[in-house]
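Notes to accompany the following structure.
The values are calculated or read from the model by the stated rules, or taken from the named source; none is laboratory data. This is a predicted model, so every value here is computed, not measured. Here the Cβ positions follow ideal geometry from the backbone for every residue, glycine too, while neighbour counts run over all protein chains shown. Quick note on the areas: whole protein, heavy atoms, side chains included, nothing else; ligands and nucleic acids left out. Shrake-Rupley method; radii C 1.70, N 1.55, O 1.52, S 1.80 Å.
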Amino acid sequence: GGSARPDVIAAVGICHAAGGTVSDILYENIWIEDCRTRPAYISIYKAADTENVGTGVVWSPGKINNVVLKNVNMDAASPVKGVIQGYDEDHKVIMTIENMTIGGVRLTKDNFSNYFEINSNTDITIK
């Protein structure tokens with residue numbers, strides 16, 4: 001067994017460290033209170049141990065598609081920003097955030113970076 005990496009602990013999360021596709025995930029009508037971690041951590045990354053993925057298996061990055069955070073409310077801002085990051089141009093995180101509030105502030109394109117860190121390998125629609 002292993003232990004969780006403290007930097008990836010979040011109220012809502014998807015940590016994708018190998019090939020394949022994670023898709024069609026809906027987080028809906030969620031209330032988060034007293035969040036002391038990231039609001040969300042959604043990431044495609046290279047697993048620490050890519051040499052032991054199985055006999056004859058070659059590691060490759062996966063994809064995260066069609067993830068929706070809808071009607072997600074946090075009672076206050078968390079001490080650290082959320083993270084949404086894809087792996088590269090061909091392995092993006094594609095998702096929608098609809099009606100998410102943090103501390104009573106609705107997330108918009110203009111204020112999103114106040115609450116989340118993203119990289120260029122994301123395609124996020126904010127409604």
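What the phi angles of the stretch 76-93 give under the Karplus curve with 6.51, -1.76 and 1.60, with θ = phi - 60°, is a coupling list of 7, 5, 7, x, 10, 6, x, 10, 9, 8, x, 8, 7, 4, 8, 9, 8, 8 Hz, glycine and proline written as x.
For LYS63, the amide hydrogen comes within under 5 Å of the amide hydrogens of GLY20, THR21, VAL22, counting only partners 5 or more places away or on other chains and with H modelled in the peptide plane.
Ranked from largest to smallest solvent-accessible area, with a 1.4 Å probe on the protein heavy atoms, SER60, SER120 come out as SER120, SER60. Counting 0.36 nm for each residue step from ARG36 to ASN65 and taking away their Cα separation leaves a gain of 7.7 nm. Across the stretch 17-31, computed HN-Hα scalar couplings (Karplus, 6.51 cos²θ - 1.76 cosθ + 1.60, θ = phi - 60°) run 10, 7, x, x, 10, 9, 8, 6, 10, 10, 9, 9, 6, 10, 10 Hz from first to last residue, x flagging Gly and Pro. With the simple model of a label 7 Å out from the Cα in the direction of the Cβ, LYS81 to ASP123 spans 2.3 nm.
What the chain shows is 56 Å² of accessible area per residue, with the surface traced by a 1.4 Å probe over protein heavy atoms. Extension gain, GLU89 to LYS109, is 5.1 nm, computed as 0.36 nm per intervening residue step minus the present C-alpha separation.
Mean projection of the alpha-carbon convex hull of the chain over all orientations, in nm²?
With the hull built on Cα positions only, its mean projection is 8.2 nm².
How charged is the neighbourhood of ILE118? Take every other residue with its Cβ under 12 Å from the Cβ of ILE118, and add Lys/Arg as +1 and Asp/Glu as -1. Surrounding charge for ILE118 is +1. Carbon-plus-sulfur accessible fraction, the chain (probe radius 1.4 Å, protein heavy atoms only): 46%. Remark on VAL12: its backbone amide H falls under 5 Å from those of ALA40, TYR41, a criterion applied only to residues 5 or more positions apart or on other chains, H modelled at 1.01 Å from N.
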